[in-house]
Amino acid sequence: MPTLNNYCSVDRDPRGVATFTIRNAGSLNILSSPVIDGVRTGLEQVAADNQIRVLVLKGGSDKSLIGGADIKEMATLDQQSAEAFITRLRDLCEAIRAFPAPVIARMPGWCLGGGLEAAAACDFRIAAHDARFGMPEVRVGIPSVIHAALLPRLIGWGRARWLVMTAETIDAPTALAWGLVDLVAREGGLDEAVEHTVQSLLACGAEALRAQKALLRQWEELPLKESVDLSIGVFGRSFLTDEPKRLMQAFIDRKR
């Protein structure tokens with residue numbers, strides 16, 4: 001598996017599926033400043049590869065995707081260094097959210113705090129049957145910030161408030177019922193569940209998916225009428241590629 005830097009590696013298969021692995025961050029894949037910077041740099045490097053159709057984000061062990069931010073480092077911070085630290089983490093989550101191809105979070109074990117913020121920035125979240133989730137920041141004297149702002153959009157204000165204000169953890173079935181994750185795998189079937197989603201995405205037009213992802217991100221922030229009107233140009237530009245003609249003709253041929 002080719003190493004991008006000391007904290008991440010990527011493995012590309014012939015289908016255009018890239019598995020991006022966080023490395024050398026402990027068994028729970030904890031985000032210290034060097035890990036954050038290394039993973040963000042690696043993601044930005046991989047994002048330039050237009051041949052990637054799907055990115056799978058995973059941790060270096062099956063104890064977690066990302067266990068959270070480094071509490072030992074955060075305990076040494078003052079106001080200025082705290083803002084620098086959280087800006088780094090914001091930039092990492094934005095690198096995930098801005099990745100041009102669909103991103104799947106592979107979520108075994110624990111996903112807490114900054115790790116759940118990073119997962120929320122992914123397009124799809126697939127959890128192991130025994131995965132656990134939480135936002136424990138208030139228990140160590142800090143609020144949940146940056147991409148925790150995505151949580152109300154995913155699960156509603158009441159459930160987001162419960163996570164960030166009680167600091168209690170929830171299990172995988174609860175996370176699925178709340179809409180925090182998209183799929184819970186059967187026991188021992190996490191990679192199978194990820195592959196099922198990969199295959200669904202590969203059956204779609206690669207350029208259409210990239211355009212759809214970009215639109216969804218804009219829809220999050222624009223008023224409804226602007227979102228509707230913006231979509232017209234994106235639809236038209238899709239016909240500058242061969243995907244509509246090729247994939248529509250294949251659909252027509254199957255119906256004959």
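Structure summary
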item: Scope segment 42-53; condition without any contact (Cβ under 8 Å) to a residue 60 or more places away in the chain and either surrounded by fewer than 16 Cβ atoms within 10 Å (Cβ to Cβ) or in contact with a helix residue (DSSP H, G or I) (Cβ under 8 Å, 6 or more places away or on another chain) (or both); matching residues; result: Leu43, Glu44, Gln45, Ala47, Ala48, Asp49, Asn50, Gln51, Ile52
item: Residue in segment 127-145 that is buried (at least 19 other Cβ atoms within 10 Å of the Cβ) and among the β-branched types (Val, Ile, Thr) present; result: no
item: Count of residues meeting criterion [β-branched (Val, Ile, Thr) and under 13 Å from the mean Cα position of the chain (by Cα)] in segment 84-135; result: 4
item: Test result for Ala160, among the hydrophobic types (A, V, I, L, M, F, W, C) and out of contact with any Leu (no Cβ under 9 Å at 6 or more places or on another chain); result: no
item: Qualifying residue in segment 19-29 (condition: more than 16 Å from the chain's Cα centre (by Cα) and on the phi > 0 side of the Ramachandran plot); result: yes
item: Condition check for Leu150: assigned by TED's automatic domain parsing to the domain that holds Gly115, in contact with a helix residue (DSSP H, G or I) (Cβ under 7 Å, 6 or more places away or on another chain) and either at pLDDT below 95 or not polar (S, T, N, Q) (or both); result: yes
item: Residues that are outside any helix (DSSP H, G or I) and in contact with a strand residue (DSSP E or B) (Cβ under 7 Å, 6 or more places away or on another chain), drawn from segment 174-231; result: Leu180, Val181, Asp182, Leu183, Val184, Ala185
item: Enumerated helices (runs of 4 or more DSSP H) restricted to segment 33-125, each holding at least 3 residues that are of a type in the set (Val, Ile, Thr), modelled with pLDDT of 95 or more and within 20 Å of Arg23 (Cα to Cα); result: 33-47
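The values are calculated or read from the model by the stated rules, or taken from the named source; none is laboratory data. As the structure is a computational prediction, the values presented were derived from the model and not from experiment. Backbone-built Cβ (ideal geometry, glycine too); neighbour counts: all protein chains shown.
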